[in-house]
Amino acid sequence: DMHRVIEWLNEAFSAMDRELKKMGSKVVKVETFQNLILVVSGCPEKSADHAEHCARAAVLLHRAAVQVTRPDGQSTSLRIGISSGSISAGVVGAQSPRFSVFGDAVNTASRMASTADASSGFSISVHLSETTAGL
């Protein structure tokens, strides 16, 4: 039932929004799309601690997600990828403008997430890019 899927996504993203709020401006949610959430740290102002902030956010997002039950009765799981590097950001569009981020770091984080093990229950798995792991 698609209505239940929409309710589940809303419940999951709302729970994650509440957790991200605890991070203040250190981590900013940029976008949600279907079952994807994109957060950034160090944008618009650079932060030497951006990787640590993203790792802390990953833990908070995981804790929030596993509290939400999927339509199939299982707890919500996450695939988490973190990458560091330069990005471009700005408002895109005229009719429905959106703040968007682009760049190799965004693409790499997406690839890292897509190949990560799903985090669920008490188990959390985060794929870090080599750049981020080296910080």
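The values are calculated or read from the model by the stated rules, or taken from the named source; none is laboratory data. Source: prediction; values computed, not measured. As a convention, Cβ positions derive from the backbone with ideal geometry for all residues, glycine included, and neighbour counts pool all protein chains shown. Surface accessibility is based on the protein's heavy atoms, side chains included, excluding ligands, DNA and RNA. Shrake-Rupley method; radii C 1.70, N 1.55, O 1.52, S 1.80 Å.
Tell me, yes or no, whether the range 32-41 has at least one residue that is within 26 Å of residue 92 (Cβ to Cβ), open to solvent by less than 30 Å² (accessible area, probe 1.4 Å) and free of Cβ contacts under 8 Å to residues at least 60 places away in the same chain. So far as the range 32-41 goes, yes, one or more of its residues are within 26 Å of residue 92 (Cβ to Cβ), open to solvent by less than 30 Å² (accessible area, probe 1.4 Å) and free of Cβ contacts under 8 Å to residues at least 60 places away in the same chain. Taking the criterion of being open to solvent by 60 Å² or more (accessible area, probe 1.4 Å), polar (S, T, N, Q) and out of contact with any strand residue (DSSP E or B) (no Cβ under 7 Å at 6 or more places or on another chain), the residues of the range 84-113 that qualify are 86, 95, 96, 107.
Test of understanding: among 11, 45, 19, which residue is assigned to a loop (DSSP other than H, G, I, E, B) and out of contact with any strand residue (DSSP E or B) (no Cβ under 6 Å at 6 or more places or on another chain)?
Of the residues listed, the single one that is assigned to a loop (DSSP other than H, G, I, E, B) and out of contact with any strand residue (DSSP E or B) (no Cβ under 6 Å at 6 or more places or on another chain) is 45.
Residues that are in contact with a Leu (Cβ under 7 Å, 6 or more places away or on another chain), of a type outside the set (Lys, Arg) and part of a loop (DSSP other than H, G, I, E, B) do not occur anywhere in the range 67-74.
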